[in-house]
Structure formats: C-alpha cells, structure tokens
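Every read-out reported here was derived from the displayed coordinates using simple, explicitly stated rules and does not represent laboratory data. Values in this document were obtained by computation on a predicted structure and should not be read as measured data. Cβ atoms come from the backbone with ideal geometry, glycine included; neighbour counts cover every protein chain shown.
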Amino acid sequence: MPVMYARVPEDRIGVVIGPGGRTKREIATRTGTEIDVDTGEGEVRLAGPDSDPDGVLKARDIVLAIGRGFSPERSMRLLKDNTYLAVVDIKFTTGHREKAALRRIRARAIGTRGKARSRIEELSGCSMSVYGSTVALIGEEEQLERATRAVELLLKGSEHSAVFHYLARARRDAALDDATRASPPDGSEG
C-alpha cells in the first residue's frame, strides 16, 4: 500500500477536513485513498491500494494545494489527467526575506483588487493562489511553464504590462503550434 505524507499550515487544516469532514471524505472517495489528519502537527497521511499509486499522488497534490490557499473546489482540478501543482517560493525567487518586502512582492503578484492574479489566470489557463511566501499554480504542463515564468518575472520586478504581453504572446504562439500540428504541412488531409 503506497503511503505519502503532506504537511499543511495550521490555519488550513480545517479547510482540508471541511465541514463535518466533508472535504476529506470527498478527496478520499475521488482518489480511492485513506486520509488521516493529525490536527496537532498539521501532518496528513495518505494511503492507497497498490493497484492505483496515482490516486495517492493526486490526493497529496490536492491536500498540498489546499494548504497553499486554494479552495477545495479549485484544488479538485488536479483530478484531471495532465494537470499538476507548481509552487514558487517568493523568498527563494527574490532573495527577500523581510516581512515588509514579502508583503510588497506578494501584493505585486495579486495586484489591485486581484487584477494581476486574474489576468495571469486568464492568459495562462492556470489557477493561482498567493499564500504566505508562496505562489501556487494549478494547470497543464505548458500552462504551468508559462505561468511560472510570468510569476517569476513579476516577483523579480518586471512591469505588469510586460508580463501580460509575454503571456499573451506565449498563448498565441502555443495556439499557432497547436494549429500547425493539427494540419499537415502540404495541405493534404491525413
């Protein structure tokens, strides 16, 4: 039986469990796992059958996503195939460790009334959460690459407009690549 552990911040344990244990049960049911939460330590134990080790990995990622500030509903996006969780550490990316600097940098990632975060989500296709000293992203591999790069640029001080232009260009380029792959180069059908 594969077993994994995840550590969740104290203030997010209740969200992992959910009202009357509903969120924990839903994660367990949808991933085919057993979930035990140590509320005192903030440690979550996830176990699943040998026949489906992917269920344990998905359950762990969902729990980690909730721990990084995503709602349980948004975290369930990780149940889709080829959808992953990425976490960018603001302290590591910027080198800033002072509380005032972290607050300022976090505010850049969120933007006025959440506008920057919403724009990054819209242009990249990822879901984004800023929590503590991290920025977490949920999306498909190519979406995550673009969104992670955009977040890193923003955290390092690039202008919002430059980051949004980068994302729009990357999205356009990806759409062109998809269209090119879908049609044969000589114009013939199949």
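Figures for the structure shown
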read-out: Relative contact order computed over the chain (Cα-Cα under 8 Å; 6+ residues apart), in percent; value: 17 percent
read-out: Longest exposed-site-free window of the chain, the sites being trypsin sites (Lys or Arg not before Pro) in a DSSP loop that have at most 13 other C-beta atoms within 10 Å; value: 1-79
read-out: Likely footprinting exposure, Val8, Val87, Val37, Val3, fewest C-beta neighbours within 10 Å first; value: Val3, Val87, Val37, Val8
read-out: Size of electric dipole in segment 1-45: Cβ of Lys, Arg +1 and of Asp, Glu -1, about Cα centre, debye, nearest 20; value: 260 debye
read-out: For segment 83-182, size of Cβ-based charge dipole, Lys and Arg +1, Asp and Glu -1, in debye; value: 680 debye
read-out: Cross-link reach list, lysines versus Lys58, counting only Cα pairs under 23 Å and skipping chain neighbours closer than eight places; value: Lys24, Lys80
